[in-house]
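What follows is one structure encoded as structure tokens, with my remarks underneath.
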Amino acid sequence: MDKVDPETLRLLHGYTDEEWLTYFNALVTIAKRECKKRYWRTGRGGLLPQGHSPETIAKEAITRLFSGKRTWNQEEYPGPSPIGILRATVESIVGDLVRSEDHKRYAALAGHSDDRESSDATKEADKLVQKAIGKHLVQPALLQDHLYEIKDVIRRIRVTIGDRADLVAYFDLYMQDLKRSEIAQRLGVSLDRVDELRKQFIERALDVYREFFDAPQPANDKEARLARN
Amino acid sequence: MAENNNAEKMFDTLTTWMDSADAMNLTQLRQVRRAMGDDVEKSERGFLADLAKLKAENPIPEVQRIEGLLVIAKRLGLDVAGLANQTGLSVVLITKLDRRLIRPLSVPQRVCRLLAEALNTAVELIVEYLQQSPMLATEASFRAKENPRIQEQQDFFEAVRSDRSVSEERRSALLALEEQQPPR
């Protein structure tokens with residue numbers, strides 16, 4: 001049994017239900033992205049192992065903080081809000097899941113033990129995938145599929161917001177990875193207006209994102225690829 | 001490889017707004033989750049039920065307090081002199097510590113540990129006890145005509161130096177702890 005810092009427990013008991021629901025929904029959204037990102041890259045079926053979903057991952061992160069399995073280091077995550085430590089925990093859990101799956105999948109690359117610190121999980125998974133790509137365990141054609149898929153998402157978003165020149169302009173700058181202030185400067189509008197455009201863009205594009213997130217992963221086996229071609 | 005990096009980079013940028021979900025309010029988050037196909041009401045109900053369970057399983061620890069150094073000592077069959085001997089202190093120092101007339105931050109960790117061992121309790125509880133407000137002398141409270149005044153807290157090592165009842169051997173041992181004290 002891990003020892004929970006009494007101050008952490010006092011804080012965790014002090015949040016209102018509304019605050020907890022805000023944290024929870026934010027974590028589910030972040031977990032959804034993390035899962036898609038990592039599994040999408042490896043071309044896996046999209047199903048998480050061990051019956052996990054973005055929702056169970058968010059709950060697991062909160063449970064770990066309550067139970068003391070994850071310690072809230074106030075120097076690293078200062079302030080009264082737990083969202084920083086919780087999102088780091090979500091990332092760590094997803095990293096661990098991916099890592100365990102990658103170990104199974106790329107057994108040919110043996111020599112990696114499972115007892116590493118979870119903070120190494122992402123790097124470890126990255127290394128495994130890169131090695132797998134190097135050994136052609138992930139087919140190069142899959143990478144091409146990723147690019148096509150993401151370009152198709154961008155094209156569909158442009159179509160969806162096409163009737164609004166201001167949203168298209170915002171989206172083009174957003175896709176250049178510009179900061180909020182840079183977008184404001186380039187568009188010649190206030191920061192509040194950028195926030196408004198961002199909100200409207202998200203609302204309009206959500207359907208495309210849902211389709212992208214629900215879509216089956218590009219297949220990573222020769223038979224499926226041949227069947228498709 | 002460049003294509004893979006390119007696709008990943010585009011994925012990251014395309015979904016950056018999801019990564020900033022912690023900056024959204026509850027209404028926005030619910031809207032996003034609904035639009036992404038989640039049954040938000042069911043999900044939130046399940047979460048709140050799990051949260052209630054977590055809170056019940058991990059309650060806020062009650063602040064434990066000890067009633068007094070001499071109260072515990074008495075329960076263990078020790079008088080003030082016995083406790084002084086067991087801890088290498090003096091009757092005067094024990095009495096001052098019991099009444100919290102010593103500045104808590106000046107009390108060496110070793111002294112807290114010795115007291116905890118002698119009183120069969122946790123060091124944290126000794127520290128917590130010493131950090132409470134100074135206690136009135138019970139006698140002074142009814143003898144004086146004026147309202148009883150709380151004595152000012154004294155530095156532990158000052159108390160050791162001014163204590164005429166402590167043996168030279170114990171005094172030296174206690175003062176040696178001063179060098180190990182962190183700067184105050």
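Listed values, structure above:
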item: Helices (runs of 4 or more DSSP H) fully within the range B:73-162 counting 1 or more residues that are over 17 Å from residue B:173 (Cα atoms) and either of a type outside the set (S, T, N, Q) or modelled with pLDDT under 95 (or both); result: B:80-87, B:91-98, B:109-118, B:123-130, B:138-143
item: Residue in the range A:137-148 that is surrounded by the fewest Cβ atoms within 10 Å (Cβ to Cβ), counting only those that are in a helix (DSSP H, G or I) and either at pLDDT below 75 or more than 8 Å from chain B (Cβ to nearest Cβ) (or both); result: A:140
item: All positions within the range B:43-75 that are touching a helix residue (DSSP H, G or I) at 6+ places or on another chain (Cβ under 8 Å), among the aliphatic types (A, V, I, L, M) and either free of Cβ contacts under 8 Å to residues at least 12 places away in the same chain or at the interface with chain A (Cβ under 10 Å from one of its Cβ atoms) (or both); result: B:48, B:51, B:54, B:60, B:63
item: Conditions (1) within 30 Å of residue B:164 (Cβ to Cβ); (2) among the small types (Gly, Ala, Ser); (3) touching a helix residue (DSSP H, G or I) at 6+ places or on another chain (Cβ under 8 Å): number failed by residue B:37; result: (1)
item: Residue B:90 vs. criteria farther than 24 Å from residue B:132 by Cα and crowded, with 18+ Cβ neighbours inside 10 Å; result: no
item: Residue B:7 vs. criteria within 7 Å of chain A (Cβ to nearest Cβ) and either basic (Lys, Arg) or in a helix (DSSP H, G or I) (or both); result: yes
item: Enumeration of residues in the range B:10-63 that are charged (D, E, K, R) and outside any helix (DSSP H, G or I); result: B:38, B:39, B:62
item: Scan of the range A:56-75 for residues that are more than 17 Å from residue B:52 (Cα to Cα), out of contact with any Lys or Arg (no Cβ under 8 Å at 6 or more places or on another chain) and at pLDDT 90 or above, ordered by number; result: A:57, A:69, A:71, A:72
item: When residues of the range A:5-29 are limited to those that are at pLDDT below 85 and more than 7 Å from every other protein chain (Cβ to nearest Cβ), the one surrounded by the most Cβ atoms within 10 Å (Cβ to Cβ); result: A:5
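So that you can scan it fast, the table gives a plain yes or no per residue for (1) more than 8 Å from chain A (Cβ to nearest Cβ); (2) under 22 Å from residue A:25 (Cβ atoms); (3) surrounded by 14 or more Cβ atoms within 10 Å (Cβ to Cβ):
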residue: B:18; (1), (2), (3): no, yes, yes
residue: B:35; (1), (2), (3): no, yes, yes
residue: B:41; (1), (2), (3): yes, yes, no
residue: B:80; (1), (2), (3): yes, no, yes
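The values are calculated or read from the model by the stated rules, or taken from the named source; none is laboratory data. A quick note: this is a predicted structure, and the numbers were derived from the prediction, not measured. Every residue, glycine as well, gets a Cβ built from its backbone with ideal geometry; the counts of neighbours run over all protein chains shown.
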